[in-house]
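The values are calculated or read from the model by the stated rules, or taken from the named source; none is laboratory data. Nothing here was measured: the structure is a model prediction, and the numbers come from that model. In this analysis, Cβ positions are derived from the backbone assuming ideal geometry, glycine residues included, and neighbour counts consider all displayed protein chains. Keep in mind that these areas ignore ligands, DNA and RNA; they rest on the heavy atoms of the full protein, side chains included. Shrake-Rupley method; radii C 1.70, N 1.55, O 1.52, S 1.80 Å.
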Amino acid sequence: MSSIASQFDATRFTRRIHGLRSRMRRWLSVRGLARLLWIVLAILLLDMLLDRWFRMDLAQRGIMLVLIAATAAWMAWRYLVRPLSQGITDDALVLEVEKKNPQMAQSVISGFQLLRNERSGQAAVSGELATETIRQGMEQAEQVDFSGVLNRAAGRKYLVMLVTAALAFAGIAVGVAGNDFLKTWFRRNLLLSADEWPRATDLQIVGATDGKIVVPRGMDYRQLVEVTETSRVQNVDVDLEIDGASGRSLQRMKPTGRLDGREHSFMFHGIASGCRIRASGGDDTTDWVELVLVEPPAVDDLQLNALLPEWTGRTSQPLTGPGPHSILESGGMEVLAKMNKPLESATIERDGVSTPLTAGAGGENLWQVTFDRGVVTIDDKKNAKVDGGVAGGQYAIRLHDELGLTNVRDFQFEIRLRGNDAPVVRARLLGISGLAVPTARVPVEWSATDDFGIAEAKFDTRWMSESQPVGERLVPVGGFAGDRLLSEVLQTVSVLELEPLGLEPGVAFRFVLSATDFAVPAAATGSSREFLVKIVTPEELISDLLRREIEQRGVFQMAYDRQLELTSQLKQSVAAGAGPDAAAKRDLEARLLALYREQRAVGTSVVAVADRFDEFLVEVYNNRLDEQSGVTDPGQSIQGRFENDIIAPIRSMDEQLISAAAAGMDQARRVMNDPAGLNQAASETEIIQEQILEAMRVILAAMQSSENYQEAVNRLLEIRRIEQNMKRDLERPGKTDSDLPFDPLGDGK
């Protein structure tokens, strides 16, 4: 068999097969490169158009670059790597040649295979048949052009496409170096730079730094967009695209009328969540800008303390409430503010004057400032002058945080300067009516209110009459030596003794109670209302007291008459009883309820009489009437008569009898449907009412007896006074009987 293979030289045939394989690889390479370059060129052109018209931002351009690279890699794999990596066998090439030359009738492939088997020692046919087949195959192969299996027309087309694409890429490379348009595209889309496309309109989002704008959270925020002054087309409508949690929206911005119409604005109301924005108008669309929400600087807690002058006895006083706040003219002020976040600076302003606050006032985010106290001086005209100290007016706190934000809401307070207020004094007389004897004691219940205490209290008295000249005197309040009950009310009772004043009957005596505070250098004094007391003789006061006693006896007599009528009505109501019908029962119940109320009213009226007699006793004590009347029998003194014969019996009668009678009437009303129970309750109540009437008759008799006794005493005192006047008149030099106030002989001569 080897002798058969040696008869044929297969080297030429093999070289022709290898040459076909090489030409086929070149053909595949040209086709793959042409397709790859044109596809990449188309993608780059699309990217260029998209970026030019839609102004893609950095993220979008980055995505496009990744897509371009991924597409190029995929096309290179599909059209170059994969086709060229697949092996092409000699048999496949021979079959392709025979496919193009049907007249060979597979002689070439048969001869080629037998020749290969002969060389490898695997021949399976006879020598003559193999030799003949190989010979025919070689002869047929010599008559055929192997390169004819390639599509030369397609190869030329792909070659032209490749050259054209290469020239296009070369043109792009040259354009990138010398053309602004291509250079901008190359830098923006392949180098991902921040270069911008040349445009007629150039928009700028005001306030953006590194693609971000810091915005106070929860506040109204006004976003401005400007058409730059270098724009060729400036009169354009501007839209603001907002991309937030609720999706994207497009809002038309409003011209502000400033910058020759180049400024546009949009208002965010109560912005609560972050978003990103970009503006579009004319042929420009800006990059996305993120709105970063931060808490604006604010005062979480504001404490104001008034620094008080030394004379107040206190160092400071907190200023509470919404204000305006009052501070003494010579005082100072301490401002302590706790902020919600770290700050760059904080100032407090008043009337254009700015004072910085100091950080680190004893805690985190605490700032403070102190306005020192002023100095008070008195000039030659006794006018007070304050040097330094806090000034009155409207104060506002301005904050700046580390991001450059300022406080959105003003933190303001108002300070009003005030002088030292005089004490507020209230007073009332205890146990003294409009009449008093010259030796009376005048109890005064008084109160004084001052922010910083009372240093001194006095009675400011003055009097005048026809026989006595005008007099004035300041009487210190006994037992009071200054009180610093700060911001509280001082309450006490003081007694003004009239005897040391030497007043005479007929004098109109006036006085006020005044209180002075601790203020320096000029203390303030406040006074109560003025009291007017007429000075009378004991006889006149006792006569007036007798008149009032008679009035109260009349009131008690009326109560006795009401009680008498009440007893009669109870008997009549019980005697009538309740009828069988409901209307009669309701009528009886109404009458019993009215009698119960009337009984209570009688008790109230008699207690009022006892209270009035108690007041008479206090007045008797304060005017020392029992001492001056000369009565030696304690049982016949005014105090003894009132307490033992009138006041005590009235109160005992009210507590024991009148209360029991009222309870009996109420019991009768409750058991009115039971005739036996009604009669028993009424009988018991009638007995008590008779006891009330008897007690009231005894008290009325005691009142009458007291009045008779007092009238006798008054006549005795009047005679004694006349005798004293006669004796005094007779002892005067040159006095005659004709000067006597009456005719001692009684004959009218």
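A few comments on the model shown:
- The number of residues in segment 225-241 that are in contact with a Ser or Thr (Cβ under 9 Å, 6 or more places away or on another chain) and either surrounded by fewer than 14 Cβ atoms within 10 Å (Cβ to Cβ) or not polar (S, T, N, Q) (or both) comes to 10.
- Residue ID - least open to solvent (accessible area, probe 1.4 Å), chosen from residues in segment 173-195 that are at pLDDT below 85 and in contact with a Pro (Cβ under 9 Å, 6 or more places away or on another chain): Phe181
- Segment 427-471, residues that are acidic (Asp, Glu) and open to solvent by 40 Å² or more (accessible area, probe 1.4 Å): Glu445, Asp451, Glu456, Asp460, Glu466
- Within segment 242-261, the set of residues being surrounded by 13 or more Cβ atoms within 10 Å (Cβ to Cβ), in a strand (DSSP E or B) and not charged (D, E, K, R) comprises Ile242, Gly244, Gln251, Pro255.
Rundown of residues vs (1) of a type outside the set (Val, Ile, Thr); (2) open to solvent by 30 Å² or more (accessible area, probe 1.4 Å), yes/no style:
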| residue | (1), (2) |
| --- | --- |
| Ile542 | no, no |
| Arg547 | yes, yes |
| Ala559 | yes, no |
| Arg562 | yes, yes |
| Thr567 | no, no |
| Gln572 | yes, yes |
| Asp587 | yes, yes |
| Leu592 | yes, no |
| Glu598 | yes, yes |
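- Within segment 322-356, being surrounded by fewer than 19 Cβ atoms within 10 Å (Cβ to Cβ) and in contact with a Ser or Thr (Cβ under 9 Å, 6 or more places away or on another chain) holds for Thr347, Glu349, Ser354, Thr355, Pro356.
- Some residue of segment 500-509 being in a strand (DSSP E or B) and within 57 Å of the chain's Cα centre (by Cα): yes
- Matching option when the condition is among the hydrophobic types (A, V, I, L, M, F, W, C) and within 22 Å of Ile43 (Cα to Cα), among Ala200, Ala245, Ala173: Ala173
- Of the candidates Ile109, Ile88, the single residue that is out of contact with any strand residue (DSSP E or B) (no Cβ under 7 Å at 6 or more places or on another chain), surrounded by 14 or more Cβ atoms within 10 Å (Cβ to Cβ) and either at pLDDT 60 or above or under 29 Å from Leu182 (Cα atoms) (or both) is Ile88.
- Filter result (open to solvent by 40 Å² or more (accessible area, probe 1.4 Å) and at pLDDT 85 or above) within segment 627-648: Glu643, Asn644, Asp645, Ala648
- In segment 502-514, residue most open to solvent (accessible area, probe 1.4 Å) [restricted to those that are within 17 Å of Leu541 (Cβ to Cβ) and aliphatic (A, V, I, L, M)]: Ala508
- Of the criteria (1) open to solvent by less than 60 Å² (accessible area, probe 1.4 Å); (2) in contact with a strand residue (DSSP E or B) (Cβ under 7 Å, 6 or more places away or on another chain), which one Trp311 fails: (2)
- Residue within segment 542-565 that is among the basic types (Lys, Arg), at pLDDT below 85 and in a helix (DSSP H, G or I) present: no
- When residues in segment 276-303 are screened for being among the hydrophobic types (A, V, I, L, M, F, W, C) and surrounded by fewer than 20 Cβ atoms within 10 Å (Cβ to Cβ), 7 of them pass.
- Strands (runs of 3 or more DSSP E) contained entirely in segment 307-423, each with at least 2 residues that are modelled with pLDDT of 85 or more and under 22 Å from the mean Cα position of the chain (by Cα): 316-319, 325-328, 332-339, 343-350, 366-371, 393-401, 411-418
- Against the conditions (1) closer than 30 Å to Glu364 by Cα; (2) hydroxyl-bearing (Ser, Thr, Tyr); (3) crowded, with 19+ Cβ neighbours inside 10 Å, Ser273 satisfies every one except (3).
- Residues being more than 35 Å from the chain's Cα centre (by Cα) and at positive phi - total across segment 188-210: 2
- Any hit, segment 692-702, residues being open to solvent by less than 20 Å² (accessible area, probe 1.4 Å), under 24 Å from Glu655 (Cα atoms) and in contact with a Ser or Thr (Cβ under 6 Å, 6 or more places away or on another chain): no
- Flag for Asp237 being farther than 19 Å from Gly207 by Cα and assigned to a loop (DSSP other than H, G, I, E, B): yes
- Applying the criterion of being over 23 Å from the mean Cα position of the chain (by Cα) and open to solvent by 70 Å² or more (accessible area, probe 1.4 Å) to the residues of segment 211-224, the residue that is farthest from Asp260 (Cα to Cα) is Lys212.
- First in segment 305-321 and more than 12 Å from Val335 (Cβ to Cβ), second anywhere and hydroxyl-bearing (Ser, Thr, Tyr) and open to solvent by 40 Å² or more (accessible area, probe 1.4 Å), Cβ under 7 Å, 6 or more apart: Leu308/Thr315; Leu308/Ser316
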